[in-house]
Amino acid sequence: MKSSPTPLPDLENREDINRLVHDFYGRVRADDLLGPVFDDIAGVDWDTHIPKIADFWETALFRTGNYKGNPLRPHLLLSLQTTMDREKFQRWLELFFETVDSHFQGENAGHIKRIAADMAEVMQARIASFGG
Ligand code: HEM
């Protein structure tokens, strides 16, 4: 008899978020469209960026409050250096959804994808109103 596939766990804690964020930025850096934006244009310091983003998601999902920052700001600045268009945001979301779905499923997995999609919309609207 064929057994049904083991269901994936939901995102439950910081450790899960760390796993997600590490895997996601690995995919971003390997991507032809987004990799150069992070590594060449923004010159991201990954040792600083990864824990900050993990704080951001931990605060968004579990209300820990350890992210203090302005998530819009770096993207507005980036739009002065490169095009921050729909194609890039769509690729970002595609990679993010793919990463979430390859590790997790459940309420929090659904929630984090909705937050990411909403943030991407808000960022694009703000960038457009900023003139980018
Ligand atoms: C085309 C899509 C995107 C690109 C190219 C991009 C790129 C970047 C870059 C270069 C930084 C600055 C990193 C650093 O030097 O520390 C950054 C920061 C950040 N990004 Fe994005 N990003 C994108 C979409 C998003 C989306 C959709 C979200 C929301 C879920 C997001 C969340 C954040 C947050 C929370 C920060 C840290 C802000 C802070 O400094 O407090 N990004 N992003």
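Computed from the coordinates by the stated procedures, all read-outs in this text should not be read as laboratory data. Just so it is clear, the model here is predicted, and its values are computed rather than measured. Glycine also receives a Cβ, built like all others from the backbone with ideal geometry; neighbour counts cover every protein chain displayed.
Relative contact order for the chain: 36 percent, from Cα pairs under 8 Å spaced at least 6 residues apart, divided by residue count. Taking the helices alone, the chain has a mean residue ellipticity at 222 nm of -21500 deg cm²/dmol, built from -39,500 (n - 2.57) per DSSP H run of at least 4 residues and averaged over all its residues. Note on ARG86 and ASN18: the model spin-label points, each 7 Å out from Cα along the C-beta direction, lie 3.9 nm apart. The lysine pair tally for the chain, using Cα distances under 29 Å and a gap of 8 or more places or different chains, is 6. Taking K and R as +1 and D and E as -1, what net charge do the other residues with C-beta under 13 Å from the C-beta of HIS49 add up to? That sum, taken over residues with Cβ under 13 Å, equals -2.
With the gyration tensor restricted to C-alpha atoms of the chain, the semi-axes of the equivalent ellipsoid amount to 27, 17, 15 Å, longest first.
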